[in-house]
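Only one structure is covered here, and it is reproduced in the block below.
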Amino acid sequence: MAKQTSIITLKGNIGKLNFYKTKDGYQVREKGGVSRSRIMNDPKYARTRENIAEFKTNAAAVKLVKDTIRPATVNISDSRIHQRLIRRLLEILRTDPVNRRGERMVSEGDWTLIEGMEINNQVSLGSVLKEEIQLQDSAAAWEVSINPFLPSDFLLIPDGATHFRIFVAGASFNFETGTKSFVQMSSVDLLLSQPTQALNLSVQKSSLNDPHKILLVGIDFQQIVNGEHYKFNNTAHNSAVILKSEKS
């Protein structure tokens, strides 16, 4: 693929050349390619049609997951969370042992592969919160506990922050019907200048009505001045991870 080096930059079409801009600079390519009609009908492109079908299935699943967990991730997720979800759910889709190629579904794949996915790829939860997160997983609930700790020793603290919160969130999805559920529980606003008490947070699974479930655990920082709360929309410190999954 050619790259423009002239000080004059172009966008659009000139003859058979297409000029466009990417994050790597201005590029140029030749127009052309196979027609949509041929791709959709020619037997030579059967594999391409299968890939298109599975991409559409995966895209719908990504949108459902992203929209459902947004209340927990809006101040945390990095700018490429959508692309990373596409890759992760496509990995799950491709483990579908039931359906043939072109018809595979996220719902039939290995759902445990979503575990460990960081919501903020710039900083992991483990690098911000260094105290151990303890999880009890029962049929009724996910229960998260964290022993008392001194924030200055166990947190990566952004400049200007005065408080922080630990939260857990549960989400469930039905990839066939599009239904979803979401619940969230947070600690109180905790002073960064004082040792914490033991933290115990839980998600009741009875609140999650759909077959594919996930548990998120995260932290966000705040500055509280004269009773006013100012959130840190800071992807260098706010973080969360998909800690556990379940498929029923």
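Every number here is computed from the coordinates shown, using simple stated rules; none is lab data. Model, not experiment: these values are computed from the prediction. Ideal geometry is used to build each Cβ from the backbone, glycine not excepted, and the neighbour counts take in all protein chains shown.
Key figures for this structure:
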item	result
The stretch 125-247, relative contact order in percent, only Cα pairs under 8 angstrom and at least six apart counted	29
Shape of the chain, Cα gyration tensor, a/c cut at 1.5	oblate
Whole-Hz couplings from phi, Karplus 6.51/-1.76/1.60, listed for the stretch 200-208; x for Gly and Pro	9, 10, 8, 10, 7, 5, 5, 7, 10
Rel. contact order, % - alpha carbon contacts under 8 angstrom, at least six apart, the chain	19
Segment ALA198-SER79, length gained on full extension (0.36 nm per residue, minus Cα span)	39.5 nm
Sum of side-chain charges, SER248 neighbourhood, beta-carbon under 11 Å (Lys, Arg +1; Asp, Glu -1)	+1
Stokes-Einstein translational diffusion, the stretch 125-247 - Kirkwood Rh over all Cα pairs, 0.890 mPa s, 25 °C, in µm²/s	160
Three-way shape call for the stretch 30-112 based on the alpha-carbon gyration tensor, with the a/c threshold at 1.5	oblate
11 Å beta-carbon shell around ASP220, net charge (K/R +1, D/E -1)	+1
Extended-chain gain in nm, criterion 0.36 nm per residue less alpha-carbon gap, SER181 and ILE52	43.6 nm
Amide hydrogen neighbours beyond the local backbone of MET117, cut-off 5 Å, H modeled	ILE242
